[in-house]
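Take a look at the structure below.
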Amino acid sequence: MSDERHRVATTVNGTRHQRDVDGRLLLSDFLRHVLGLTGTRVGCEHGVCGACTIQYDGLPVRSCLMLAVQADGHEIATVEGLAGKDGTLHPLQQALRDTHGLQCGFCTAGILMTMTAFLAEHPKPTEPDIREALSGNLCRCTGYQHIVEAVTLAASRMGGRR
Amino acid sequence: MVTRYLGAPITRNEDARLLTGRALFVDDVNLPNLLHAAFLRSPHAHARIKSIDVATAKQRDGVIAVITAADMGDYWRPGPLLVPPPPIRDIVFNQCTQVPLAKDKVRHVGEPVAMVLAESRYLAEDALADIVVDYEALPAIVDLADGLKPDAARIHEDLAGNTAAHVRQTKGNYAEAVKRADLVIKRRFVYDRGASSPIETRGIVAEWDGKADRLTIWDTTQAPVVIRNGIAAMLGLSERQVRVIAPFIGGGFGPKIMMFYPEEVLVPWMAIKLSRPIKWIEDRLEHFFATTQERGQVHDAELAIGRDGKIIGVKDVFLHDTGAYDPYGLTLPINSQCTLLNAYVVPHYDSTFTAVFTNKPIATPYRGAGRQHGVFVMERLLDIAARQLGIDRIEIRRRNFIGPDQFPYNNEIIYQDFAPLEYDSGNYGPVLDKALELIGYDKFVRDPTARRTDDGKHVGIGVVFYIEGTGIGPYEGARIQVQSSGRVSLATGVGTQGQGHFTSFAQITADQLGVDVRDVDVVTGDTDQFYWGAGTFASRGAVVAGNAVNEAAKVVRQKILRAAAEHFECAEADIVIANGKASVAGVSERAIGLGELAQRANPLRGAVKPGTEPGLEATNYFGPARGATANGAHAMIIEVDPATMMIEIKKYVVVHDCGTVINPLIVEGQIHGGVAQGIGNAFYEQLAWDRDGQLLNASLADYLLPTALDVPHIDSAHTVTPSPLNPMGIKGAGEAGAIPVGALFAQAIEDALDLPRHGVEILEIPLSPNRLWELIGPHLDKKEAGSP
Ligand code: FES
Ligand code: FES
């Protein structure tokens, strides 16, 4: 393995960061352990559970399947950036709370980053659409029903807004 | 007392932190100078270790230490027996508990052999590849019956064979009673379970503070107090020198209460030795070997029954897979043995089990904890009996239910908590009625068109019943204190893994103290905040800790009344507590905030009456005499595609009686999650071992957890029969959702495909499209070919 360090300059939730990292450093580890943004969770590190989902130039991706160096020159959004500066929850965060859509909360960040992107594309989703979109994120606690309710509720509260 | 919160669907206090990414989980703990641990694990299920060479690994840049069993000296010890065997006559129990690092032998794939400590997790994992272990492979014991053969390889060589335990429990006299039976049904049932697979794997961080002489441990455990006591004892420290914090935990489901995992023994020890904090986080592959799981039982069961459909007796002989070690004693097979009796009057019972050591990871309780296995056997036996006697499957259950006036009902055998298996209360008929109504049973069975879809799918209905022993002892405690700000703080020793304790305990307190539920700050799982406790298991958090909270809150309420009465110079009976204030009834301007009252109760100058305790604070404990028994019915309508054996659940109903409900939103969530895990167990999840004890599907891509497309919408309803065993009348709800799902799948799929007509019975779990095809395909073909 070469000891070469690579420069990563990226914007995370609107803030610029620049760090020198190992080529093999995972993006999930970069966010969590280098930048200290531990809201993004890691459940499997092989791309199945979806807990590590972030938005990469606006699209949901699994940060455990990417290297930190791939973030160079790109925009990242994580769960820490979802609520307003004044602490107002995003409508989906609020809806998850209102419907009891989380229990241990470990899958929640990934679900938020997947489903806020989904809602932006599908402002008036049906339940089958929601379940399909959610099916790439594993939750071991809730049985998904309250999460599906939350997405429906958030969509209606957002009134077709993106 | 006005109950504003108890029984109301209050949204959770803890959610804001979880939703914004601020909640602290173990892997979020970051400390200066942190070292990272990685473990070299056995690639063999059963092998002798001839030599271990760590020299190269030690030389790698960034590696600080490499530890094997030989380096551990006296600290190397087998773990404690967590649950001693219950006092049952003629019981055989061979104690072989896990070791921190394998010494001469490895007994399952994934058993740790060496620990590497390095400056980063990446470097620690690199160094694992430098370690050379010379193994001599031994034959692996995978199958239970093979393990008991006289010439089988012995997993623990100091034992005469691979028997971990042998237990017989009886009630009445089955051998005599069976002679009176009109029908005796004998079948072999195989019930396998899998890995609990919380989305957060296990992990631990330990930090030694040499100046304060204190060890702090962050651990993904369901039982922080017990971990503290054990680690203090192992390391020769006082319990006051050790603080264990179970912060937010990403799901537990049972295996996070195993003690002590090797990593829990090794990481704190080395953190002290090296005076550097150490972190270990399990990866998903490790989770399939290094975390305990549940597994198979094989039952040879026999039901003796009268023509009237009344059970005369049950005889059952079963084998239980305990894995390579048995630190959890007999909890699982005893739960199976007891729960098999289910909700029915079984006058004669003769049950014997043999627990077998195998070369697989350790089996310990996972949500349901052996109850599934028992319920499956009984429910299947009744289905078969109903068919053979020409009695409706609902009717046969009704005829055998323990009646509402028969409680407390003593089953005359011993339960996992060593107490007699006695059901405290219940009223099963209305629960079943409600389930039938919600699933539309009568309509379905009367409607001939309901059984086929237009595109040729077969539709079936299933209805099963279960009971669940919950909320067992020994005890939990809680401390409640009114702060001078008027906020209330509450601490308890149980850990919490998503069950909503921050909210349900706050609800109980808020009602007693007349404060807003958002003004109660709950701390769980920090041994510096609360000293005593046993942990979160057996659906006991709400029952045992909930009642302790209630008792403590009642005492604080009394203190508020007394202090306010003194302040206003009136009788306690005239004081009203509401909205965070104590006031004189009918004179609303004579009111004092609880915060101010708390300050007055803690004077800094002057004299107090002898015997005065400062503050508005109380600590109380609660321990039930025995567990409370919850019950319920699950029903579903399922579609099966006969060409692919793929299923679709069209409707799913749960009716549940868990006594008094603190928060219906939280209980509903528990039910949904339990059902989802039950569905995984019934149709998606199977740990596939080969003959050499290798796990063939150790990834989430191959071991299938149900997704949002597999778990249906669940309609749930509750009936309430309060438990007489605790003042609040609560029964546990944590495991119920998962218990009867296997039995339900078997019945509903049989019904859909009309299997009995083809001479096929489903006697095993888990199922899968493949497995269904193996079981059913040949029979369907034969029939189509016109042969008998
Ligand atoms: S941690 Fe990335 S998908 Fe599971
Ligand atoms: S809430 Fe625990 S995994 Fe989803």
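About its Cα centre, the protein assembly as shown has a charge dipole of approximately 1240 debye under the convention of +1 per Lys or Arg Cβ and -1 per Asp or Glu Cβ, with nothing else charged.
Within a straight-line Cα-Cα reach of under 18 Å, B:Lys457 can be paired with the following aspartates and glutamates, leaving aside sequence neighbours fewer than 8 residues apart in one chain: B:Asp447, B:Glu639, B:Asp641, B:Glu648, B:Asp710, B:Glu750, B:Asp751, B:Asp754, B:Asp781, B:Glu784.
If packing is taken as the mean number of other Cβ atoms within 10 Å per residue, what is the order of B:327-334, B:725-732, A:5-12, highest first? Mind dumping the intermediate values first?
Values: B:327-334: 25.5, B:725-732: 23.5, A:5-12: 16.1.
Top to bottom by mean Cβ count within 10 Å: B:327-334, B:725-732, A:5-12.
Straight Cα distances below 30 angstrom link B:Lys211 to the lysines B:Lys58, B:Lys273, B:Lys279, with same-chain residues fewer than 8 positions distant left out.
Considering only protein heavy atoms and a 1.4 Å probe, what is the carbon-and-sulfur percentage of the accessible area of the stretch B:234-276? The partial results should precede the final answer.
Working: 600 of 1170 Å².
Using a 1.4 Å probe with all protein chains present, the stretch B:234-276 comes out at 51 percent carbon and sulfur.
Hey, can you find the accessible area per residue of the stretch B:1-135 for me, probe 1.4 Å, expressed in square angstrom? Write down the numbers at each step before the final one.
Details: 5840 Å² over 135 residues.
I get 43 Å² per residue for the stretch B:1-135.
Contact with the other protein chains removes 40 Å² or more of accessible area, compared with the isolated chain and a 1.4 Å probe, from these residues of the stretch B:161-207: B:Ile199. Across the options B:Val106, B:Leu82, B:Ala140, the greatest Cα extent toward the positive end of the charge dipole of the stretch B:50-172 (unit charges at beta carbon of Lys, Arg, Asp, Glu) belongs to B:Leu82. Amide hydrogen proximity for B:Ala47: with H placed 1.01 Å from N in the peptide plane, the residues at 5 or more positions away or on another chain lying under 5 Å are B:Val106, B:Leu138.
Of the accessible area of the stretch A:91-158, computed with a 1.4 Å probe over protein heavy atoms only, carbon and sulfur atoms account for 54 percent. Take the Cα of B:Arg188, step 7 Å along the line toward its Cβ, and report every residue of the stretch B:316-338 whose backbone nitrogen sits under 17 Å from that point. Those under the cut-off are B:316-321.
Phi angles across the stretch B:549-561 convert, under the Karplus curve 6.51 cos²θ - 1.76 cosθ + 1.60 with θ = phi - 60°, into 3J(HN,Hα) values of 4, 4, 5, 5, 5, 5, 5, 4, 4, 4, 5, 5, 4 Hz, Gly and Pro given as x. Backbone phi angles across the stretch B:282-289, fed through the Karplus curve with coefficients 6.51, -1.76 and 1.60 (θ = phi - 60°), yield HN-Hα couplings of 5, 9, 5, 4, 4, 4, 6, 10 Hz in residue order; Gly and Pro are listed as x. Take the stretch B:265-330 with all the other protein chains still there, run a 1.4 Å probe, and you get 23 Å² of accessible area per residue.
Exceedance of the 20 Å cut-off in Cα-Cα distance is limited, within the set B:Lys434/B:Lys650; B:Lys310/B:Lys651; B:Lys315/B:Lys360, to B:Lys310/B:Lys651; B:Lys315/B:Lys360. For B:Gly296, nonlocal amide neighbours, meaning residues 5 or more places apart or on other chains whose placed amide H falls under 5 Å from its own, are B:Arg193, B:Asp321.
Applying 1/(1 + (r/R0)^6) with R0 = 35 Å to the Cβ-Cβ distance of B:Arg757 and B:Lys149, what FRET efficiency is obtained, to the nearest 0.05?
Numbers: r = 38 Å, r/R0 = 1.10.
E(calc), rounded to 0.05, equals 0.35.
With a 1.4 Å probe and every protein chain left in place, work out the accessible area per residue of the stretch A:27-162 in Å², rounded to a whole number.
Working: 4700 Å² over 136 residues.
It amounts to 35 Å² per residue over the stretch A:27-162.
In sequence order, the stretch B:77-86 has phi-based couplings of 8, x, x, x, 7, 6, 10, x, x, x Hz under the Karplus curve 6.51 cos²θ - 1.76 cosθ + 1.60, θ = phi - 60°, and Gly or Pro positions carry x.
Counting only aspartates and glutamates at least 8 places from B:Lys50 when in the same chain, those with an alpha carbon closer than 15 Å to its own are B:Asp104, B:Asp134, B:Glu136.
The residue list A:Gly14, A:Ser63, A:Leu35 was ranked by how far each Cα lies along the charge dipole of the stretch A:5-81 toward its positive end, using unit charges on Cβ atoms, and A:Leu35 comes out on top. What the Cβ-Cβ distance of B:Asn602 and A:Thr11 gives, at R0 = 51 Å and to the nearest 0.05, is a FRET efficiency of 0.50. Given R₀ = 56 Å, what would the calculated FRET efficiency be for B:Leu159 paired with B:Met646, taking r from the Cβ atoms and rounding to 0.05? Efficiency, rounded to the nearest 0.05: 0.80.
For the pair B and A, how large is the buried accessible area, both sides, in square angstrom to the nearest 100, if the probe is 1.4 Å? If you can, show how the numbers build up before the last one.
On the way: alone 29750 and 8610 Å², together 34080 Å².
The B and A chains share an interface burying roughly 4300 Å².
Protection proxy ranking, highest mean first, for peptides B:293-304, B:501-512, B:708-719, B:474-485: B:501-512, B:293-304, B:474-485, B:708-719, where packing is the per-residue count of other beta-carbon atoms within 10 Å, averaged. Helix-only arithmetic for the protein assembly as shown: the sum of -39500 (n - 2.57) across DSSP H runs with n ≥ 4, divided by the residue total, places the mean residue ellipticity at 222 nm at -8000 deg cm²/dmol.
Burial annotation for the stretch B:659-703: residues with an accessible-area loss of at least 50 Å² between the isolated chain and the complete set of protein chains, computed on heavy atoms with a 1.4 Å probe, are B:Leu665, B:His672, B:Leu700.
Here the gap between B:Asn770 and B:Asp692, fully extended at 0.36 nm per residue and compared with their Cα-Cα distance, gives a gain of 25.8 nm. In plain terms, the chain from B:Leu274 to B:Lys179 could stretch by 27.2 nm, reckoned as 0.36 nm per residue minus the Cα-Cα distance. Annotation note: GluC sites (Glu not before Pro) in the stretch B:145-209 located in DSSP loop regions with a Cβ neighbour count of at most 15 within 10 Å are B:Glu157. Shielding value for A:45-51 is 5, the average number of Cβ atoms from other chains within 10 Å of each residue's Cβ.
With 40 Å² as the minimum drop in accessible area between chain alone and full protein complex (1.4 Å probe), the qualifying residues in the stretch A:88-112 are A:Arg97, A:His100, A:Leu102, A:Gln103, A:Cys104, A:Phe106.
The values are calculated or read from the model by the stated rules, or taken from the named source; none is laboratory data. Just so it is clear, the structure is predicted and the values come from calculations on it, not from any experiment. Quick reminder, even Gly has a Cβ in these numbers, built from the backbone with ideal geometry, and neighbours come from all protein chains shown. In case anyone asks, the SASA skips ligands and DNA or RNA and just uses the protein heavy atoms, side chains included. Shrake-Rupley method; radii C 1.70, N 1.55, O 1.52, S 1.80 Å.
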